[in-house]
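Working notes, beginning with the structure itself.
The values are calculated or read from the model by the stated rules, or taken from the named source; none is laboratory data. Every value quoted in this text rests on a predicted model; they were computed, and no experiment measured them. Here the Cβ positions follow ideal geometry from the backbone for every residue, glycine too, while neighbour counts run over all protein chains shown. Quick note on the areas: whole protein, heavy atoms, side chains included, nothing else; ligands and nucleic acids left out. Shrake-Rupley method; radii C 1.70, N 1.55, O 1.52, S 1.80 Å.
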Amino acid sequence: MNAKKDAKQTFTLTDNRSGQKYELPVVSGSMGPDVIDVRRLYNDTNCFTYDPGFTSTGSCGSKITYIDGDNGVLLYRGYPVDQLADNSDFPEVCYLLLYGELPTPDQKKKFEHDITYHTMLNEQLTYFFRGFRRDAHPMAVMCGVVGALSAFYHDSTDISDPKHRMIASYRLIAKMPTIAAMAYKFSMGQPFQYPLNDLTFAENFLHMMFGTPCEEYKVSPVLSKAIDRILILHADHEQNASTSTVRLAGSSGANPFACISAGIASLWGPAHGGANEAVLNMLEEIGDAKNIPEYVDRAKKKDDPFRLMGFGHRVYKNFDPRAKVMEKICHEVLNDLKIEDEPLLDIAVELERIALEDDYFIEKKLYPNVDFYSGIIFKALGIPTSLFTVLFAVARTVGWVAQWNEMIEDPSQKIGRPRQLYIGETARKFKPLHKRI
Ligand code: SDX
(Lines give C-alpha, C1' and ligand atoms only; values in the text may rest on other atoms or scores of the structure.)
Protein backbone atom coordinates (compact mmCIF):
# COMPACT_ATOMS: atom_id res chain seq x y z
CA MET A 1 0.00 0.00 0.00
CA ASN A 2 1.69 3.26 -0.98
CA ALA A 3 -0.83 5.66 0.58
CA LYS A 4 0.73 8.73 2.22
CA LYS A 5 1.83 7.53 5.69
CA ASP A 6 2.19 10.26 8.28
CA ALA A 7 4.01 8.73 11.27
CA LYS A 8 2.84 11.63 13.49
CA GLN A 9 -0.81 10.54 13.10
CA THR A 10 -1.65 7.80 15.60
CA PHE A 11 -4.62 6.39 17.48
CA THR A 12 -4.06 5.66 21.16
CA LEU A 13 -5.85 2.53 22.32
CA THR A 14 -6.17 1.94 26.06
CA ASP A 15 -6.85 -1.54 27.41
CA ASN A 16 -8.85 -0.69 30.53
CA ARG A 17 -8.37 -4.22 31.82
CA SER A 18 -4.63 -3.66 32.22
CA GLY A 19 -4.24 0.10 31.73
CA GLN A 20 -1.87 -0.69 28.84
CA LYS A 21 -1.83 1.93 26.04
CA TYR A 22 -1.13 1.14 22.39
CA GLU A 23 -0.24 3.59 19.62
CA LEU A 24 -1.76 2.57 16.29
CA PRO A 25 -0.63 4.37 13.10
CA VAL A 26 -3.29 6.35 11.20
CA VAL A 27 -2.82 6.35 7.42
CA SER A 28 -4.40 8.90 5.06
CA GLY A 29 -5.30 8.09 1.46
CA SER A 30 -5.65 10.64 -1.35
CA MET A 31 -9.40 10.97 -0.62
CA GLY A 32 -11.90 9.49 1.83
CA PRO A 33 -11.62 8.38 5.46
CA ASP A 34 -8.26 7.74 7.10
CA VAL A 35 -7.53 4.18 8.23
CA ILE A 36 -6.20 2.87 11.53
CA ASP A 37 -3.48 0.36 10.66
CA VAL A 38 -4.27 -2.63 12.93
CA ARG A 39 -1.86 -5.09 11.33
CA ARG A 40 0.14 -5.31 14.58
CA LEU A 41 -2.90 -5.30 16.90
CA TYR A 42 -3.09 -9.06 17.55
CA ASN A 43 0.68 -9.31 17.94
CA ASP A 44 0.74 -6.47 20.49
CA THR A 45 -2.60 -6.94 22.31
CA ASN A 46 -3.54 -10.59 21.76
CA CYS A 47 -6.94 -9.27 20.58
CA PHE A 48 -8.59 -9.42 17.14
CA THR A 49 -10.76 -6.68 15.71
CA TYR A 50 -14.38 -7.82 15.29
CA ASP A 51 -16.32 -6.59 12.26
CA PRO A 52 -18.83 -9.09 10.72
CA GLY A 53 -19.78 -7.82 7.24
CA PHE A 54 -16.69 -5.58 7.26
CA THR A 55 -18.79 -2.45 7.90
CA SER A 56 -15.73 -0.56 9.26
CA THR A 57 -12.87 -2.47 7.67
CA GLY A 58 -10.60 -1.50 4.81
CA SER A 59 -9.23 -4.67 3.19
CA CYS A 60 -6.59 -3.09 0.91
CA GLY A 61 -5.17 0.06 -0.60
CA SER A 62 -6.58 0.71 -4.06
CA LYS A 63 -6.24 3.33 -6.79
CA ILE A 64 -9.08 2.08 -8.99
CA THR A 65 -12.47 3.30 -7.71
CA TYR A 66 -13.49 5.86 -5.13
CA ILE A 67 -16.95 6.08 -3.56
CA ASP A 68 -18.21 8.86 -1.28
CA GLY A 69 -21.44 7.30 -0.02
CA ASP A 70 -22.63 10.38 1.85
CA ASN A 71 -22.39 12.62 -1.21
CA GLY A 72 -23.28 10.05 -3.89
CA VAL A 73 -19.88 10.25 -5.61
CA LEU A 74 -18.40 7.42 -7.74
CA LEU A 75 -15.06 7.90 -9.54
CA TYR A 76 -13.24 5.42 -11.80
CA ARG A 77 -9.52 6.37 -11.62
CA GLY A 78 -10.69 9.87 -10.64
CA TYR A 79 -13.27 10.35 -13.42
CA PRO A 80 -16.95 10.76 -12.33
CA VAL A 81 -18.95 7.79 -13.58
CA ASP A 82 -21.71 9.97 -15.06
CA GLN A 83 -19.16 11.87 -17.19
CA LEU A 84 -17.77 8.55 -18.44
CA ALA A 85 -21.29 7.22 -19.17
CA ASP A 86 -22.13 10.39 -21.12
CA ASN A 87 -18.84 10.89 -23.00
CA SER A 88 -16.86 7.63 -23.15
CA ASP A 89 -17.55 4.04 -24.19
CA PHE A 90 -17.13 0.69 -22.44
CA PRO A 91 -13.85 -0.45 -24.10
CA GLU A 92 -12.30 2.93 -23.22
CA VAL A 93 -13.48 2.57 -19.60
CA CYS A 94 -12.03 -0.97 -19.54
CA TYR A 95 -8.67 0.48 -20.59
CA LEU A 96 -8.98 3.20 -17.92
CA LEU A 97 -9.75 0.70 -15.15
CA LEU A 98 -6.94 -1.65 -16.22
CA TYR A 99 -4.18 0.89 -16.90
CA GLY A 100 -5.20 3.94 -14.83
CA GLU A 101 -5.42 6.45 -17.69
CA LEU A 102 -7.80 7.09 -20.60
CA PRO A 103 -6.22 5.69 -23.80
CA THR A 104 -4.73 7.80 -26.60
CA PRO A 105 -6.38 7.20 -30.01
CA ASP A 106 -3.66 4.67 -30.93
CA GLN A 107 -3.87 2.91 -27.55
CA LYS A 108 -7.65 2.74 -27.87
CA LYS A 109 -7.47 1.29 -31.39
CA LYS A 110 -4.97 -1.39 -30.32
CA PHE A 111 -6.91 -2.27 -27.16
CA GLU A 112 -10.19 -2.64 -29.07
CA HIS A 113 -8.42 -4.82 -31.66
CA ASP A 114 -6.81 -7.02 -28.99
CA ILE A 115 -10.07 -7.47 -27.10
CA THR A 116 -11.98 -8.19 -30.31
CA TYR A 117 -9.56 -10.95 -31.26
CA HIS A 118 -10.16 -12.70 -27.95
CA THR A 119 -13.97 -12.78 -28.19
CA MET A 120 -14.20 -16.25 -29.73
CA LEU A 121 -14.30 -19.33 -27.45
CA ASN A 122 -12.34 -22.52 -27.92
CA GLU A 123 -14.83 -24.68 -29.83
CA GLN A 124 -14.53 -27.43 -27.19
CA LEU A 125 -16.16 -25.08 -24.67
CA THR A 126 -19.40 -25.13 -26.67
CA TYR A 127 -19.91 -28.71 -25.50
CA PHE A 128 -20.02 -27.59 -21.83
CA PHE A 129 -23.40 -25.97 -22.39
CA ARG A 130 -24.94 -29.29 -23.38
CA GLY A 131 -24.30 -30.61 -19.87
CA PHE A 132 -26.89 -28.18 -18.49
CA ARG A 133 -30.67 -28.45 -18.65
CA ARG A 134 -32.11 -25.94 -21.11
CA ASP A 135 -33.90 -24.23 -18.20
CA ALA A 136 -30.76 -23.92 -16.04
CA HIS A 137 -30.35 -20.44 -14.57
CA PRO A 138 -27.81 -18.65 -16.81
CA MET A 139 -25.77 -17.59 -13.76
CA ALA A 140 -25.21 -21.28 -12.98
CA VAL A 141 -24.00 -21.71 -16.57
CA MET A 142 -21.70 -18.68 -16.22
CA CYS A 143 -20.16 -20.04 -13.00
CA GLY A 144 -19.47 -23.38 -14.69
CA VAL A 145 -18.25 -22.28 -18.09
CA VAL A 146 -16.10 -19.38 -16.84
CA GLY A 147 -14.50 -21.67 -14.25
CA ALA A 148 -13.87 -24.19 -17.03
CA LEU A 149 -11.80 -21.59 -18.92
CA SER A 150 -9.05 -22.52 -16.41
CA ALA A 151 -8.78 -25.87 -18.25
CA PHE A 152 -8.11 -24.17 -21.58
CA TYR A 153 -5.66 -21.39 -21.00
CA HIS A 154 -2.61 -22.83 -19.25
CA ASP A 155 -0.55 -20.41 -21.34
CA SER A 156 -1.86 -17.52 -19.24
CA THR A 157 -2.18 -18.79 -15.68
CA ASP A 158 1.31 -17.94 -14.35
CA ILE A 159 0.03 -15.12 -12.17
CA SER A 160 3.56 -13.94 -11.39
CA ASP A 161 4.02 -13.02 -15.06
CA PRO A 162 2.45 -9.61 -15.86
CA LYS A 163 2.06 -10.65 -19.51
CA HIS A 164 0.11 -13.77 -18.50
CA ARG A 165 -2.06 -11.70 -16.17
CA MET A 166 -2.92 -9.22 -18.91
CA ILE A 167 -3.67 -11.91 -21.52
CA ALA A 168 -5.95 -13.66 -19.02
CA SER A 169 -7.59 -10.29 -18.22
CA TYR A 170 -8.21 -9.58 -21.93
CA ARG A 171 -9.56 -13.08 -22.47
CA LEU A 172 -12.00 -12.74 -19.57
CA ILE A 173 -13.25 -9.29 -20.61
CA ALA A 174 -13.60 -10.39 -24.24
CA LYS A 175 -15.20 -13.80 -23.69
CA MET A 176 -17.79 -12.92 -21.07
CA PRO A 177 -20.30 -11.49 -23.61
CA THR A 178 -19.78 -14.52 -25.85
CA ILE A 179 -20.40 -16.96 -22.99
CA ALA A 180 -23.39 -14.90 -21.76
CA ALA A 181 -24.99 -14.87 -25.19
CA MET A 182 -24.33 -18.60 -25.62
CA ALA A 183 -26.04 -19.27 -22.27
CA TYR A 184 -29.07 -17.37 -23.60
CA LYS A 185 -29.06 -19.11 -26.99
CA PHE A 186 -28.76 -22.49 -25.29
CA SER A 187 -31.80 -21.73 -23.11
CA MET A 188 -33.74 -20.75 -26.26
CA GLY A 189 -32.72 -23.83 -28.24
CA GLN A 190 -31.22 -21.54 -30.89
CA PRO A 191 -27.77 -21.98 -32.52
CA PHE A 192 -24.85 -20.06 -31.04
CA GLN A 193 -23.91 -16.85 -32.88
CA TYR A 194 -20.18 -16.30 -33.32
CA PRO A 195 -18.76 -12.84 -32.56
CA LEU A 196 -18.20 -10.54 -35.58
CA ASN A 197 -14.92 -8.63 -35.54
CA ASP A 198 -16.30 -5.52 -37.23
CA LEU A 199 -18.80 -4.84 -34.42
CA THR A 200 -18.20 -2.88 -31.21
CA PHE A 201 -18.29 -4.64 -27.84
CA ALA A 202 -21.93 -3.72 -27.18
CA GLU A 203 -23.03 -4.32 -30.80
CA ASN A 204 -21.40 -7.76 -30.73
CA PHE A 205 -23.23 -8.68 -27.54
CA LEU A 206 -26.59 -7.79 -29.07
CA HIS A 207 -25.68 -9.60 -32.31
CA MET A 208 -24.73 -12.78 -30.41
CA MET A 209 -27.84 -12.53 -28.26
CA PHE A 210 -30.49 -11.82 -30.87
CA GLY A 211 -28.97 -12.65 -34.26
CA THR A 212 -29.85 -15.92 -36.05
CA PRO A 213 -28.36 -17.65 -39.11
CA CYS A 214 -31.68 -17.10 -40.90
CA GLU A 215 -31.33 -13.39 -41.60
CA GLU A 216 -28.99 -10.46 -41.14
CA TYR A 217 -29.39 -8.95 -37.66
CA LYS A 218 -29.29 -5.16 -37.77
CA VAL A 219 -27.96 -3.86 -34.44
CA SER A 220 -30.01 -0.92 -33.20
CA PRO A 221 -27.74 2.04 -32.37
CA VAL A 222 -30.18 2.99 -29.60
CA LEU A 223 -29.94 -0.41 -27.95
CA SER A 224 -26.16 -0.73 -28.34
CA LYS A 225 -25.62 2.76 -26.91
CA ALA A 226 -27.85 1.88 -23.94
CA ILE A 227 -26.01 -1.41 -23.36
CA ASP A 228 -22.65 0.37 -23.62
CA ARG A 229 -23.62 2.96 -20.98
CA ILE A 230 -25.08 0.32 -18.67
CA LEU A 231 -21.84 -1.68 -18.91
CA ILE A 232 -19.88 1.46 -17.94
CA LEU A 233 -22.09 2.06 -14.90
CA HIS A 234 -21.62 -1.53 -13.67
CA ALA A 235 -17.89 -1.84 -14.42
CA ASP A 236 -16.40 -1.48 -10.94
CA HIS A 237 -17.43 -0.51 -7.45
CA GLU A 238 -14.53 -0.66 -4.95
CA GLN A 239 -14.47 -3.60 -2.51
CA ASN A 240 -18.04 -4.93 -2.89
CA ALA A 241 -18.88 -8.54 -2.03
CA SER A 242 -18.00 -10.08 -5.41
CA THR A 243 -14.82 -8.04 -5.84
CA SER A 244 -13.73 -9.00 -2.32
CA THR A 245 -14.47 -12.62 -3.27
CA VAL A 246 -12.23 -12.33 -6.33
CA ARG A 247 -9.46 -10.73 -4.25
CA LEU A 248 -9.70 -13.37 -1.52
CA ALA A 249 -9.71 -16.24 -4.02
CA GLY A 250 -6.80 -14.65 -5.88
CA SER A 251 -4.80 -14.11 -2.68
CA SER A 252 -4.19 -17.87 -2.51
CA GLY A 253 -2.62 -17.78 -6.00
CA ALA A 254 -5.67 -19.35 -7.69
CA ASN A 255 -5.82 -18.78 -11.44
CA PRO A 256 -7.80 -15.76 -12.69
CA PHE A 257 -10.50 -17.80 -14.43
CA ALA A 258 -11.36 -19.64 -11.20
CA CYS A 259 -11.29 -16.32 -9.29
CA ILE A 260 -13.73 -14.68 -11.69
CA SER A 261 -16.00 -17.71 -11.47
CA ALA A 262 -16.03 -17.20 -7.68
CA GLY A 263 -16.90 -13.54 -8.24
CA ILE A 264 -19.82 -14.54 -10.48
CA ALA A 265 -21.11 -16.84 -7.74
CA SER A 266 -21.01 -14.04 -5.17
CA LEU A 267 -22.62 -11.52 -7.52
CA TRP A 268 -25.56 -13.91 -8.05
CA GLY A 269 -26.95 -13.29 -4.56
CA PRO A 270 -30.15 -11.15 -4.40
CA ALA A 271 -28.52 -8.83 -1.85
CA HIS A 272 -25.86 -8.03 -4.49
CA GLY A 273 -25.98 -8.31 -8.27
CA GLY A 274 -29.00 -10.61 -8.19
CA ALA A 275 -31.06 -7.62 -7.02
CA ASN A 276 -31.76 -6.44 -10.58
CA GLU A 277 -33.61 -9.68 -11.32
CA ALA A 278 -35.28 -9.47 -7.88
CA VAL A 279 -36.45 -5.88 -8.54
CA LEU A 280 -38.34 -6.87 -11.67
CA ASN A 281 -39.88 -9.87 -9.92
CA MET A 282 -40.88 -7.55 -7.05
CA LEU A 283 -42.46 -4.98 -9.38
CA GLU A 284 -44.38 -7.75 -11.14
CA GLU A 285 -45.51 -9.11 -7.75
CA ILE A 286 -46.70 -5.64 -6.67
CA GLY A 287 -48.60 -5.59 -9.95
CA ASP A 288 -50.41 -2.29 -9.40
CA ALA A 289 -49.53 1.04 -7.78
CA LYS A 290 -52.47 0.64 -5.38
CA ASN A 291 -50.60 -2.29 -3.76
CA ILE A 292 -47.43 -0.27 -3.05
CA PRO A 293 -48.34 0.86 0.50
CA GLU A 294 -48.79 -2.79 1.55
CA TYR A 295 -45.31 -3.71 0.26
CA VAL A 296 -43.66 -0.62 1.75
CA ASP A 297 -45.21 -1.56 5.11
CA ARG A 298 -43.91 -5.12 4.76
CA ALA A 299 -40.41 -3.81 3.97
CA LYS A 300 -40.42 -1.96 7.29
CA LYS A 301 -41.49 -4.90 9.42
CA LYS A 302 -38.63 -6.53 11.34
CA ASP A 303 -40.31 -9.94 11.33
CA ASP A 304 -40.99 -9.83 7.58
CA PRO A 305 -37.99 -10.89 5.44
CA PHE A 306 -39.34 -8.83 2.51
CA ARG A 307 -37.13 -5.91 1.55
CA LEU A 308 -37.60 -3.35 -1.20
CA MET A 309 -35.22 -4.75 -3.78
CA GLY A 310 -33.17 -2.10 -5.53
CA PHE A 311 -33.24 0.06 -2.40
CA GLY A 312 -30.51 0.61 0.15
CA HIS A 313 -26.76 0.25 -0.01
CA ARG A 314 -23.90 -0.45 2.39
CA VAL A 315 -22.00 2.61 1.23
CA TYR A 316 -24.44 5.03 -0.39
CA LYS A 317 -26.44 6.91 2.25
CA ASN A 318 -27.50 9.27 -0.49
CA PHE A 319 -28.55 8.62 -4.07
CA ASP A 320 -26.46 5.99 -5.89
CA PRO A 321 -25.13 8.16 -8.76
CA ARG A 322 -25.54 5.21 -11.09
CA ALA A 323 -29.25 4.97 -10.29
CA LYS A 324 -29.76 8.53 -11.53
CA VAL A 325 -28.07 7.76 -14.87
CA MET A 326 -29.95 4.45 -15.12
CA GLU A 327 -33.25 6.30 -14.61
CA LYS A 328 -32.29 8.69 -17.44
CA ILE A 329 -31.36 5.76 -19.72
CA CYS A 330 -34.63 4.04 -18.80
CA HIS A 331 -36.76 6.98 -19.98
CA GLU A 332 -34.59 7.41 -23.13
CA VAL A 333 -34.82 3.73 -24.11
CA LEU A 334 -38.60 3.59 -23.56
CA ASN A 335 -39.00 6.79 -25.60
CA ASP A 336 -36.69 5.57 -28.38
CA LEU A 337 -38.51 2.25 -28.52
CA LYS A 338 -41.84 4.15 -28.46
CA ILE A 339 -42.96 2.16 -25.43
CA GLU A 340 -45.62 4.52 -24.10
CA ASP A 341 -47.14 2.18 -21.62
CA GLU A 342 -44.78 0.37 -19.29
CA PRO A 343 -46.78 -0.38 -16.12
CA LEU A 344 -43.65 -1.60 -14.30
CA LEU A 345 -42.03 1.80 -14.79
CA ASP A 346 -45.16 3.51 -13.45
CA ILE A 347 -45.01 1.25 -10.39
CA ALA A 348 -41.24 1.87 -9.96
CA VAL A 349 -41.60 5.65 -10.17
CA GLU A 350 -44.52 5.64 -7.69
CA LEU A 351 -42.68 3.21 -5.38
CA GLU A 352 -39.61 5.47 -5.39
CA ARG A 353 -41.78 8.54 -4.65
CA ILE A 354 -43.59 6.88 -1.73
CA ALA A 355 -40.42 5.32 -0.25
CA LEU A 356 -38.42 8.55 -0.44
CA GLU A 357 -41.18 10.36 1.51
CA ASP A 358 -41.43 7.62 4.14
CA ASP A 359 -39.78 8.32 7.54
CA TYR A 360 -38.40 4.76 7.75
CA PHE A 361 -36.49 5.09 4.49
CA ILE A 362 -35.45 8.65 5.24
CA GLU A 363 -34.16 7.75 8.70
CA LYS A 364 -32.27 4.67 7.44
CA LYS A 365 -31.03 6.62 4.39
CA LEU A 366 -32.38 4.08 1.92
CA TYR A 367 -32.29 5.31 -1.67
CA PRO A 368 -32.69 3.55 -5.02
CA ASN A 369 -29.46 1.82 -6.02
CA VAL A 370 -28.01 0.82 -9.39
CA ASP A 371 -30.35 -2.17 -9.62
CA PHE A 372 -33.62 -0.31 -9.24
CA TYR A 373 -34.15 0.74 -12.86
CA SER A 374 -31.90 -1.73 -14.68
CA GLY A 375 -34.52 -4.46 -14.88
CA ILE A 376 -37.02 -2.19 -16.63
CA ILE A 377 -34.39 -1.20 -19.19
CA PHE A 378 -33.28 -4.79 -19.77
CA LYS A 379 -36.92 -5.89 -20.20
CA ALA A 380 -37.44 -3.11 -22.79
CA LEU A 381 -34.23 -4.23 -24.55
CA GLY A 382 -35.68 -7.72 -24.83
CA ILE A 383 -33.28 -9.29 -22.34
CA PRO A 384 -34.94 -12.04 -20.27
CA THR A 385 -35.11 -11.51 -16.50
CA SER A 386 -32.87 -14.49 -15.77
CA LEU A 387 -30.09 -12.81 -17.77
CA PHE A 388 -30.08 -9.48 -15.89
CA THR A 389 -27.38 -10.51 -13.42
CA VAL A 390 -25.41 -12.13 -16.22
CA LEU A 391 -25.22 -8.69 -17.87
CA PHE A 392 -24.02 -7.27 -14.56
CA ALA A 393 -21.28 -9.95 -14.51
CA VAL A 394 -20.28 -9.12 -18.12
CA ALA A 395 -19.77 -5.50 -17.07
CA ARG A 396 -18.13 -6.18 -13.70
CA THR A 397 -15.53 -8.57 -15.12
CA VAL A 398 -13.26 -5.63 -16.01
CA GLY A 399 -13.52 -4.35 -12.44
CA TRP A 400 -12.81 -7.77 -11.04
CA VAL A 401 -9.72 -8.32 -13.21
CA ALA A 402 -8.42 -4.78 -12.56
CA GLN A 403 -8.77 -5.32 -8.80
CA TRP A 404 -7.26 -8.80 -9.09
CA ASN A 405 -4.22 -7.42 -10.92
CA GLU A 406 -3.85 -4.65 -8.35
CA MET A 407 -3.98 -7.23 -5.55
CA ILE A 408 -1.29 -9.42 -7.15
CA GLU A 409 0.94 -6.39 -7.76
CA ASP A 410 0.52 -5.05 -4.19
CA PRO A 411 3.78 -5.82 -2.31
CA SER A 412 1.90 -5.75 1.02
CA GLN A 413 -0.57 -8.39 -0.18
CA LYS A 414 -0.75 -11.70 1.72
CA ILE A 415 -3.15 -14.63 1.56
CA GLY A 416 -6.45 -13.45 3.05
CA ARG A 417 -7.09 -15.33 6.28
CA PRO A 418 -9.49 -13.60 8.73
CA ARG A 419 -9.81 -14.82 12.34
CA GLN A 420 -12.97 -15.09 14.48
CA LEU A 421 -14.62 -14.64 17.84
CA TYR A 422 -15.04 -18.26 18.96
CA ILE A 423 -18.36 -18.71 20.80
CA GLY A 424 -18.65 -22.52 20.64
CA GLU A 425 -18.11 -25.33 23.17
CA THR A 426 -14.96 -25.28 25.29
CA ALA A 427 -12.72 -28.39 25.07
CA ARG A 428 -14.53 -31.59 26.22
CA LYS A 429 -13.83 -35.35 26.38
CA PHE A 430 -15.19 -37.71 23.67
CA LYS A 431 -18.34 -39.61 24.78
CA PRO A 432 -18.60 -43.19 23.44
CA LEU A 433 -21.84 -44.11 21.62
CA HIS A 434 -23.17 -46.40 24.37
CA LYS A 435 -22.95 -43.50 26.81
CA ARG A 436 -24.93 -41.11 24.59
CA ILE A 437 -28.38 -42.17 25.72
C1 SDX B 1 -25.35 -3.99 -5.31
O2 SDX B 1 -21.47 -3.25 -2.33
C3 SDX B 1 -21.69 -2.79 -3.50
O4 SDX B 1 -21.10 -1.83 -3.91
C5 SDX B 1 -22.75 -3.53 -4.31
C6 SDX B 1 -23.11 -2.91 -5.66
C7 SDX B 1 -21.97 -3.00 -6.65
O8 SDX B 1 -21.98 -2.23 -7.61
O9 SDX B 1 -21.12 -3.93 -6.51
O10 SDX B 1 -23.47 -1.54 -5.48
C11 SDX B 1 -24.31 -3.61 -6.30
O12 SDX B 1 -25.29 -5.07 -4.78
C13 SDX B 1 -26.41 -2.98 -4.94
C14 SDX B 1 -27.34 -3.49 -3.78
C15 SDX B 1 -28.40 -4.41 -4.39
N16 SDX B 1 -29.19 -5.06 -3.34
C17 SDX B 1 -30.48 -4.75 -3.13
O18 SDX B 1 -31.10 -3.86 -3.73
C19 SDX B 1 -31.17 -5.65 -2.11
C20 SDX B 1 -31.97 -4.78 -1.13
N21 SDX B 1 -31.02 -4.04 -0.32
C22 SDX B 1 -30.66 -4.58 0.98
O23 SDX B 1 -30.62 -5.97 1.03
C24 SDX B 1 -29.53 -3.82 1.65
O25 SDX B 1 -29.81 -2.50 1.52
C26 SDX B 1 -28.10 -4.07 1.20
C27 SDX B 1 -27.74 -5.51 1.23
C28 SDX B 1 -27.88 -3.54 -0.17
C29 SDX B 1 -27.20 -3.33 2.17
O30 SDX B 1 -27.37 -3.90 3.40
P31 SDX B 1 -26.49 -3.42 4.67
O32 SDX B 1 -25.51 -2.40 4.32
O33 SDX B 1 -26.01 -4.63 5.36
O34 SDX B 1 -27.53 -2.65 5.50
P35 SDX B 1 -28.48 -3.33 6.50
O36 SDX B 1 -29.03 -4.59 5.90
O37 SDX B 1 -27.81 -3.39 7.81
O38 SDX B 1 -29.68 -2.27 6.53
C39 SDX B 1 -29.63 -1.20 7.42
C40 SDX B 1 -31.09 -1.07 7.87
C41 SDX B 1 -31.65 -2.38 8.41
O42 SDX B 1 -32.63 -2.05 9.36
P43 SDX B 1 -32.19 -2.16 10.95
O44 SDX B 1 -31.63 -3.55 11.16
O45 SDX B 1 -31.12 -1.10 11.13
O46 SDX B 1 -33.46 -1.90 11.69
O47 SDX B 1 -31.91 -0.72 6.75
C48 SDX B 1 -32.85 -1.75 6.50
C49 SDX B 1 -32.37 -3.00 7.23
O50 SDX B 1 -33.46 -3.81 7.61
N51 SDX B 1 -32.86 -1.98 5.05
C52 SDX B 1 -33.96 -2.14 4.32
C53 SDX B 1 -33.49 -2.28 2.99
N54 SDX B 1 -32.17 -2.21 2.98
C55 SDX B 1 -31.77 -2.03 4.26
N56 SDX B 1 -35.27 -2.18 4.64
C57 SDX B 1 -36.13 -2.36 3.61
N58 SDX B 1 -35.77 -2.50 2.32
C59 SDX B 1 -34.47 -2.46 1.98
N60 SDX B 1 -34.11 -2.60 0.71
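Points to keep in mind about this one:
- Count - residues of segment 94-120 that are acidic (D, E) and surrounded by 13 or more Cβ atoms within 10 Å (Cβ to Cβ): 2
- Qualifying positions in segment 239-272 - within 8 Å of the ligand (Cβ to nearest atom), surrounded by 21 or more Cβ atoms within 10 Å (Cβ to Cβ) and not hydrophobic (A, V, I, L, M, F, W, C): N240, S242, T243
- Only a single item in (1) touching a Lys or Arg at 6+ places or on another chain (Cβ under 6 Å); (2) surrounded by 13 or more Cβ atoms within 10 Å (Cβ to Cβ); (3) of a type in the set (V, I, T); (4) farther than 30 Å from V370 by Cβ is not met by T10, and it is number (1).
- In segment 375-385, the condition of being in contact with a His (Cβ under 8 Å, 6 or more places away or on another chain), crowded, with 22+ Cβ neighbours inside 10 Å and within 25 Å of D228 (Cβ to Cβ) is met by no residue.
- For D341, the conditions (1) open to solvent by 80 Å² or more (accessible area, probe 1.4 Å); (2) within 13 Å of the ligand (Cβ to nearest atom) all hold with the exception of (2).
- Residues in segment 345-403 that are closer than 20 Å to I179 by Cα, within 13 Å of the ligand (Cβ to nearest atom) and of a type in the set (S, T, Y): T389, T397.
- Scanning segment 269-298 for residues that are within 23 Å of T389 (Cα to Cα) and more than 15 Å from the chain's Cα centre (by Cα) yields A278, V279, L280, N281, M282, L283, E284, E285, I286, G287.
- Residues in segment 273-283 that are surrounded by 22 or more Cβ atoms within 10 Å (Cβ to Cβ) and assigned to a loop (DSSP other than H, G, I, E, B): G273 only.
- Residue that is farthest from D228 (Cα to Cα) [pool: residues in segment 52-71 that are open to solvent by less than 70 Å² (accessible area, probe 1.4 Å), in contact with a Lys or Arg (Cβ under 9 Å, 6 or more places away or on another chain) and within 12 Å of the ligand (Cβ to nearest atom)]: G53
- Failed condition for F186, given (1) of a type outside the set (A, V, I, L, M); (2) part of a helix (DSSP H, G or I); (3) touching a residue at least 40 places away in the same chain (Cβ under 8 Å); (4) touching a Ser or Thr at 6+ places or on another chain (Cβ under 8 Å): (4)
- Residue satisfying all of: in segment 408-437; in a loop (DSSP other than H, G, I, E, B) and surrounded by 10 or more Cβ atoms within 10 Å (Cβ to Cβ); modelled with the lowest pLDDT among these: Q413
- Matching entry among L24, L98, L84, L13 (being part of a strand (DSSP E or B) and in contact (Cβ under 8 Å) with a residue 24 or more places away in the chain): L13
- In the set F192, F186, only one residue is in contact with a helix residue (DSSP H, G or I) (Cβ under 7 Å, 6 or more places away or on another chain), open to solvent by less than 40 Å² (accessible area, probe 1.4 Å) and not β-branched (V, I, T); that residue is F186.
- Selection within segment 149-166: residues that are in contact with a His (Cβ under 8 Å, 6 or more places away or on another chain) and part of a helix (DSSP H, G or I). The member of this set that is least open to solvent (accessible area, probe 1.4 Å) is S156.
- Qualifying residue in segment 75-90 (condition: open to solvent by 40 Å² or more (accessible area, probe 1.4 Å), out of contact with any Lys or Arg (no Cβ under 6 Å at 6 or more places or on another chain) and β-branched (V, I, T)): no
- The lone criterion from (1) of a type in the set (V, I, T); (2) out of contact with any Ser or Thr (no Cβ under 9 Å at 6 or more places or on another chain); (3) under 30 Å from S169 (Cα atoms); (4) part of a helix (DSSP H, G or I) left unmet by V349 is number (3).
- Restricting the first member to segment 307-325 and to residues that are open to solvent by 40 Å² or more (accessible area, probe 1.4 Å) and assigned to a loop (DSSP other than H, G, I, E, B), and the second to residues that are more than 10 Å from the ligand (Cβ to nearest atom) and not aromatic (F, W, Y), the beta-carbon pairs closer than 7 Å and six or more apart or on different chains are K317/D70; N318/D70; N318/N71; N318/G72; F319/G72.
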